[in-house]
Amino acid sequence: MLRGPNGGYLAAIILRALTQEVADPRRSPRSLTVHYLAAPEPGPVELTVVVERTGRSLASLSARMLQDAKLVALGLAAFSSPWPGPELVEATMPEVPSYEQTAPAEALDGPPFRAHFEQRPVIGAPPLSGADSSVSGGWIRLRGDVPVDHLVVAALTDAWLPTVFTRLTTPVTAPTIDLTVHFRSPPPLRPEPCLVVFRSWMTTEGFFDEEGEVWSQDGDLLAQSRQLALVRAV
């Protein structure tokens, strides 16, 4: 049984509160880590943000998400303006068919939040196909003319079906334990699809890891992510 809102959605809510507290457009989010303590119910939550330290460029903040006085998530984030230094880029966007060359995925049973995204798979095997590798990805965008900003990028890091689904043949649930997002390039700030790629290296003792990349349509690496999640039989 599915429980609670999606982890990426909660991360975006926490990031919004942190960004509002920083209130400085020169300082962009650089790192966000969220630990999910309990699954909140759909409905209002309370967010408390603390500026732990502010320097000339870097600001470190924490956030606590509560529902009915119960702590459900903890967040830590770093915001900073750009620093002078070498520019070394070795990341290369995977060569895949373009968004226009692909077709939307067929509707699958799953979390209701997935209905807010259009997904076009281009990487990896189909879900529940018993594949021999845990890699999955494709083009994804929010339905409607929603500009891709840092909040959308955070949500995209946990919006794709977990990669472990490609290895399995029966459905499972995969609640997130923790999620870290490193924001690497400025988001395009316009409505467009992004390419996401996710990989898992190990599933043991009921836990699996997942590493992700979010690319702009122009080939900029917008974010890297890593999470630890549970895998449970339905």
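Residues of segment 185-216 that are in contact with a Cys (Cβ under 7 Å, 6 or more places away or on another chain) and outside any strand (DSSP E or B): Ser216 alone. The strands (runs of 3 or more DSSP E) found wholly in segment 1-89 and carrying at least 2 residues that are touching a helix residue (DSSP H, G or I) at 6+ places or on another chain (Cβ under 6 Å) and surrounded by 18 or more Cβ atoms within 10 Å (Cβ to Cβ) occupy 28-36, 58-67, 70-80.
Taken residue by residue, segment 169-183 has at least one member that is in contact (Cβ under 8 Å) with a residue 60 or more places away in the chain, assigned to a loop (DSSP other than H, G, I, E, B) and farther than 29 Å from Ser31 by Cβ.
Table: residues versus (1) crowded, with 17+ Cβ neighbours inside 10 Å; (2) free of Cβ contacts under 8 Å to residues at least 24 places away in the same chain; (3) within 16 Å of Phe117 (Cβ to Cβ).
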residue: Val148; (1), (2), (3): yes, no, yes
residue: Leu156; (1), (2), (3): yes, no, yes
residue: Arg167; (1), (2), (3): yes, no, no
residue: Asp218; (1), (2), (3): no, no, no
residue: Leu230; (1), (2), (3): no, no, no
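Among the residues here, Pro97 does not qualify as within 29 Å of Asp24 (Cα to Cα) and not in a strand (DSSP E or B). Ser81 is checked against (1) under 17 Å from Thr180 (Cα atoms); (2) among the hydroxyl-bearing types (Ser, Thr, Tyr); (3) free of Cβ contacts under 8 Å to residues at least 60 places away in the same chain and fails just one. What number does that condition carry? Only one criterion is unmet by Ser81, namely (1).
We did not get these values from a lab; they are worked out from the coordinates using the rules stated. The model shown is predicted, which means the values in this text are computed figures rather than measured ones. Don't worry about glycine lacking a Cβ; one is built from the backbone with ideal geometry, like all the others, and counts go over all protein chains shown.
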